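Single-structure report; data block below.
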Amino acid sequence: MENFSVLLPLLLIILAFFFLVLRPARARQQEFLKVQGELAPGARVMIASGIFGDIVSVGDETIELRVAANTVVTVKRQAVAQVIQPEVAPETGVED
C-alpha cells in the first residue's frame with residue numbers, strides 16, 4: 001500500500017500531461033491535416049499572415065495563390081491557416 005501512495009502523484013502528473021499537452025496537440029494535428037486535405041484549385045483560403053486569396057495550383061510543398069487580379073504568389077502549403085467556405089445566401093421564401 002505504501003508503494004501505491006508513492007506512485008499516485010507520478011500517475012496524476014502523467015495523466016495531467018496527457019490531457020493538457022498530448023490531446024490538444026493531437027487535435028491541432030488533425031485539424032491541420034483536414035485543412036491540408038481541402039486544398040484544391042479554386043478554393044478561397046487565408047494564409048497565416050492574414051492574406052486572403054484563391055488557389056491557382058497546388059504542388060507537393062507549395063501552392064500558387066491569386067491575391068489580386070494579375071498577382072499570383074507562391075507560398076508553402078503549411079502557411080494555409082484556413083479554407084474559407086463559400087457563403088450561401090439565405091432563402092427568404094419571397095418570390096420577385
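The values are calculated or read from the model by the stated rules, or taken from the named source; none is laboratory data. This one's a predicted model, so the numbers in the text were calculated from it and none came from an experiment. Counting neighbours? That spans all protein chains shown, and the Cβs are built from the backbone with ideal geometry, glycine included. With ligands, DNA and RNA removed, areas are computed over all heavy atoms of the protein, side chains included. Shrake-Rupley method; radii C 1.70, N 1.55, O 1.52, S 1.80 Å.
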Filter result for Glu2 (out of contact with any Lys or Arg (no Cβ under 7 Å at 6 or more places or on another chain), surrounded by 10 or more Cβ atoms within 10 Å (Cβ to Cβ) and charged (D, E, K, R))
no
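Matching residues to (1) at pLDDT below 85; (2) out of contact with any Phe, Trp or Tyr (no Cβ under 8 Å at 6 or more places or on another chain); (3) not in a helix (DSSP H, G or I):
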{"position": "Leu7", "(1), (2), (3)": "no, yes, no"}
{"position": "Leu12", "(1), (2), (3)": "no, yes, no"}
{"position": "Leu15", "(1), (2), (3)": "no, yes, no"}
{"position": "Phe19", "(1), (2), (3)": "yes, yes, no"}
{"position": "Ala27", "(1), (2), (3)": "no, yes, no"}
{"position": "Ala40", "(1), (2), (3)": "no, yes, yes"}
{"position": "Val45", "(1), (2), (3)": "no, no, yes"}
{"position": "Ser49", "(1), (2), (3)": "no, yes, yes"}
{"position": "Ile55", "(1), (2), (3)": "no, yes, yes"}
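Residue by residue through the range 57-68, note down the ones that are part of a loop (DSSP other than H, G, I, E, B) and either of a type outside the set (Asp, Glu) or touching a Phe, Trp or Tyr at 6+ places or on another chain (Cβ under 8 Å) (or both).
Gly59
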Can you find, within the range 33-58, the residue that is most open to solvent (accessible area, probe 1.4 Å) among those that are farther than 11 Å from Val83 by Cα and free of Cβ contacts under 8 Å to residues at least 12 places away in the same chain?
Leu33
